[in-house]
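Notes for the one structure printed next.
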């Protein structure tokens, strides 16, 4: 099914807005060499995350990687080599090149590719190669094992997360051919459902649990206007969208396919995994964070199940994190 004109326009608008914001807020004090290198990195490794929401792009990638039911493995590993080379060139341009990073990137891209190209094509639900590929993509970023460059310099936007999300989408959408309902074209009912779930979560779970336990307290002052735009965009595209693509689009999706007769069991398991993923945050009481994240994950997953669109879950996730960031920061 080809992408619609509104979908293409939305993706183009998102590319323009995010690139302009990145240039304005991140690159204004940098030299021209750093600016060019950072913009190239942003285009190479962030734009694909948006472009892969278009059915046309995904279908071309699928055709590139598949010959009928057979996976063209040399092409998968060839793309991994190209990405590794681009990562090395970008790091060189930003003055952050290390051979150790190049080797780590090559291993990082190759391991999940091996796992997914060796799986049985007939297995639709979650398999052990799927689970191991998810862990191979997730853990190196979660625990900062992947020493890639940051743009425009350290500390900055980690290239590891951008590369990881791009490769996750390539492998699961184009190689694994998993339909995750990835489109930025939302209807009124999608937005309405996200708003309702946001109100329910904040009113009956987040505030009653977070404030009495000291997990959060309302801020005495509002953030400066200059910070709000950066906070909202960063929350949307560096936190909410990547996490929903992983936890709902891939993990919950595969669990639902595995436990078709028990979709709520799959939802609960995916929510628990999402909650436990927040246990390594040292700045907050761990048990409260895990419980809140698990409950939030239930609502995110419910939004995904009810609409079939991962962006609905990402929108809800963005609402929750933005509300917290705006009114409950220290």
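Just so it is clear, none of the values below were taken in a lab; they were calculated from the coordinates. Predicted, not measured: the structure shown is a model, and the values here were computed from it. Cβ coordinates were reconstructed from backbone atoms using ideal geometry, including for glycine residues, and neighbour counts include every protein chain displayed.
So what's the projected area for the stretch 117-249, the Cα convex hull averaged over all directions, in nm²?
On the way: hull surface 47.8 nm².
Value for the stretch 117-249: 11.9 nm².
Evaluated at q = 0.13, 0.15, 0.16 Å⁻¹, a Debye calculation over the C-alpha positions of the stretch 117-176 (equal weights, vacuum) places log10 I(q)/I(0) at -0.41, -0.52, -0.57.
Ranking 53, 322 by Cβ neighbours within 10 Å, fewest first, what do you get?
On the way: 53 24, 322 18.
Ranking 53, 322 by Cβ neighbours within 10 Å, fewest first, gives 322, 53.
Is the stretch 5-175 best put as rounded, prolate or oblate by its Cα gyration tensor, with a ≥ b ≥ c the root eigenvalues, rounded for a/c under 1.5, and otherwise prolate when a/b is larger than b/c, oblate when not? Here the stretch 5-175 falls in the oblate category.
Sorting 248, 8 on the 10 Å Cβ count, fewest up front, what's the list?
Numbers: 248 30, 8 15.
Going from sparsest to densest Cβ surroundings: 8, 248.
Sorted fewest first by neighbouring Cβ atoms within 10 angstrom, 172, 139 come out as 139, 172. Entry note, the chain: relative contact order of 19 percent, from Cα contacts under 8 Å with a spacing of 6+ residues. Note on the chain: Kirkwood hydrodynamic radius from all Cα pairs is 20.7 Å, rounded to one decimal.
Work out, in µm²/s and without decimals, the Stokes-Einstein translational diffusion coefficient of the stretch 188-327 at 37 °C, 0.692 mPa s, Rh from Kirkwood over C-alpha pairs.
On the way: Rh = 15.4 Å.
Answer, rounded: 213 µm²/s.
Helices in the chain, meaning DSSP H runs of at least 4 residues, each add -39500 (n - 2.57). Divided by all residues, the mean residue ellipticity at 222 nm is -20000 deg cm²/dmol.
Computed over the stretch 1-74, the quotient of the alpha carbon radius of gyration and 2.2 N^0.38 Å is 1.44.
Sort the following peptides by mean Cβ neighbour count (other Cβ atoms within 10 Å, averaged over residues), highest first: 127-134, 201-208, 146-153.
On the way: 127-134: 18.5, 201-208: 15.5, 146-153: 22.0.
Ranked from most to least packed, the peptides come out as 146-153, 127-134, 201-208.
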